[in-house]
Amino acid sequence: MGVLTKHRTTTAAGVIAAFVLVLVFGSPPYVDWARDNANGGGALDWFLTLLTWPSWNFDADLPVRDIFAIMLRAILVVVFTAVFLAVLAGQTARNSAGQLLSGWAAYIFAGASAGLLTAIIQSNPSTLGAFQAAAAGAAYGLFTGWIVGLATFGSPGRRG
């Protein structure tokens, strides 16, 4: 694993993990699979469904604003992960445990921010809807951000 992490920064490692999470678990085939197969009341079914939150799957019957918001949410999760990791991992994460926690926190903040901003773009926006979207994004980040945190674990921090 040292070879894989030798030349990448904490931010790059987290962004790659966020991109893979959004690309794989937000994809239309996975979203459809989760809808059809993860419909029980157990914790695993809930988690498999939660993984679909930043989906880039859209219905052609939706208004253009909603389709744009759905696509933008998936993009913003990755972009905000990069921004928050750059800020959090810059000076605060000098050791591996700090990198794990800053990667996890960055994904929580990224999910909440992406949910909040895209709720404003959707058709019929409301303050309550924006708060609910931010809460859903934060919950997504809380329960999946450990994956981003693990990806940043042990990677060299930025120098300079």
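The values are calculated or read from the model by the stated rules, or taken from the named source; none is laboratory data. It should be emphasised that the depicted structure is a prediction, and the values quoted were computed from it without experimental measurement. With ideal geometry, Cβ positions are generated from the backbone for all residues, glycine too; neighbour counts draw on all protein chains shown. All accessible areas refer to the heavy atoms of the entire protein, side chains included, with ligands and DNA or RNA removed. Shrake-Rupley method; radii C 1.70, N 1.55, O 1.52, S 1.80 Å.
Label-to-label distance, I67 versus L23, with points set 7 angstrom from Cα along the beta-carbon direction: 2.4 nm. Roughly what angle does helix 64-91 make with the longest principal axis of the chain, taking Cα atoms, 0 to 90 degrees, to the nearest 10? Between helix and principal axis, roughly 20 degrees.
Under the criterion of Cα pairs below 8 Å and six or more residues apart, the relative contact order for the chain equals 31 percent. Over all directions, what mean area does the Cα convex hull of the chain project, stated in square nanometres? One quarter of the hull surface, i.e. the mean projection, equals 10.3 nm². Residue separation of D59 and W33 scaled by 0.36 nm, minus their Cα-Cα distance, works out to 7.8 nm of gained length. Solvent-accessible surface of protein heavy atoms, probed at 1.4 angstrom with all chains present, puts D36, D45 in the order D36, D45, largest first.
The angle between the Cα long axis of helix 28-37 and the longest principal axis of the Cα atoms of the chain comes to about 70 degrees, rounded to the nearest 10.
Per-residue ellipticity at 222 nm, computed for the chain from helices alone with -39500 (n - 2.57) per DSSP H run of at least four residues, works out to -24500 deg cm²/dmol. Considering the stretch 72-140 at the alpha-carbon level, its Rg and Dmax are found to be 13.2, 45 Å. Between Q132 and N95, residue separation times 0.36 nm minus the direct Cα-Cα distance comes to 9.9 nm. Longest stretch of the chain clear of exposed loop sites (trypsin sites (Lys or Arg not before Pro), DSSP loop, at most 12 other Cβ atoms within 10 Å, sites excluded): 7-93.
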